[in-house]
1. Take Leu130 and tell me if it is touching a residue at least 12 places away in the same chain (Cβ under 8 Å), over 12 Å from the mean Cα position of the chain (by Cα) and part of a helix (DSSP H, G or I).
2. Can you give me the number of residues within the stretch 1-23 that are free of Cβ contacts under 8 Å to residues at least 60 places away in the same chain, open to solvent by 50 Å² or more (accessible area, probe 1.4 Å) and in a helix (DSSP H, G or I)?
3. Return the pairs, sorted by first residue and then second, in which the second residue is part of a helix (DSSP H, G or I) and surrounded by fewer than 11 Cβ atoms within 10 Å (Cβ to Cβ), the first residue lies in the stretch 59-77 and is free of Cβ contacts under 8 Å to residues at least 12 places away in the same chain and of a type in the set (Gly, Ala, Ser), the beta carbons are less than 9 Å apart, and the residues are 6+ apart or on different chains.
4. Name the single residue, out of those in the stretch 54-77 being more than 30 Å from Gly103 (Cβ to Cβ) and modelled with pLDDT of 90 or more, that is nearest to the chain's Cα centre (by Cα).
5. Which residues, taken from the stretch 32-77, are hydrophobic (A, V, I, L, M, F, W, C), open to solvent by 60 Å² or more (accessible area, probe 1.4 Å) and not in a helix (DSSP H, G or I)?
6. Every residue in the stretch 85-125 that is among the hydrophobic types (A, V, I, L, M, F, W, C) and open to solvent by less than 20 Å² (accessible area, probe 1.4 Å), please.
7. Residues in the stretch 24-31: is at least one touching a residue at least 12 places away in the same chain (Cβ under 8 Å), among the aliphatic types (A, V, I, L, M) and part of a helix (DSSP H, G or I)?
8. Can you tell me which residues in the stretch 11-39 are among the small types (Gly, Ala, Ser) and either under 21 Å from Leu109 (Cα atoms) or over 14 Å from the mean Cα position of the chain (by Cα) (or both)?
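The values are calculated or read from the model by the stated rules, or taken from the named source; none is laboratory data. Keep in mind that what you see is a predicted model, and the values were worked out from it rather than measured. Cβ coordinates were reconstructed from backbone atoms using ideal geometry, including for glycine residues, and neighbour counts include every protein chain displayed. Ligands, DNA and RNA are excluded from the accessible area calculation, which covers all protein heavy atoms including side chains. Shrake-Rupley method; radii C 1.70, N 1.55, O 1.52, S 1.80 Å.
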Amino acid sequence: MKQLRPAVLAGIFAIAGVLSWAGARLWNSYGSLPGVPLAAPIVLGAIAVVLLATALSLRARLKAQRERMPGAKGVEPLMAARAVVFGQSSALVAALVAGAYGGVGVFLLTDALDVPARRDQAWYAGFSVLAGAAVVAAALFLEHVLKLPDDEDPDHQATARA
């Protein structure tokens, strides 16, 4: 399984932000822009907490297993693989959602701050971007915790030196 690259996540965030900003401008010119839900940052924050708790729990279990502590619970490979997939998918979706709310937030900050309800929407969008960044950070940490050591393959080392 390939590791997530922060540059890919940043690219997803930027593209989603630009498209969302353009869509918000277009939608607002034809009618009223739908609001940013208050639940968006709350749900993203909850996902970040679950990812971080999973990473900390698995890190403690792996450390206990490495130190051969009596009664240490190991980590099943299938469970670790599922956790990595959960983290990677959460990071990709969070980058997309945070970019979308970031684009709407930029639109609201530049064009619609004179309306008090829109000001609140800008705050919700900003908190959603921060919560999305927390999901990405927690997912990358989870991936780091579960990263396997590099294989010591002599053929691979010879290729890398050439």
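1. Spelling it out, it is not the case that Leu130 is touching a residue at least 12 places away in the same chain (Cβ under 8 Å), over 12 Å from the mean Cα position of the chain (by Cα) and part of a helix (DSSP H, G or I).
2. The qualifying residues number 2.
3. Ala72/Arg66
4. The extreme case among them is Leu56.
5. Leu38, Met69
6. If the condition is that a residue be among the hydrophobic types (A, V, I, L, M, F, W, C) and open to solvent by less than 20 Å² (accessible area, probe 1.4 Å), then Ala91, Ala94, Ala95, Ala98, Phe107, Leu108, Ala112, Ala122, Ala125 are the ones that fit.
7. Taking the stretch 24-31 first, the residues touching a residue at least 12 places away in the same chain (Cβ under 8 Å) are 24-25, 28.
Next, only the ones that are among the aliphatic types (A, V, I, L, M) stay: 24.
Checking the rest, the ones that are also part of a helix (DSSP H, G or I) come to 24.
Yes, the stretch 24-31 has at least one match.
8. If the condition is that a residue be among the small types (Gly, Ala, Ser) and either under 21 Å from Leu109 (Cα atoms) or over 14 Å from the mean Cα position of the chain (by Cα) (or both), then Ala14, Ala16, Gly17, Ser20, Ala22, Gly23, Ala24, Ser29, Gly31, Ser32, Gly35, Ala39 are the ones that fit.
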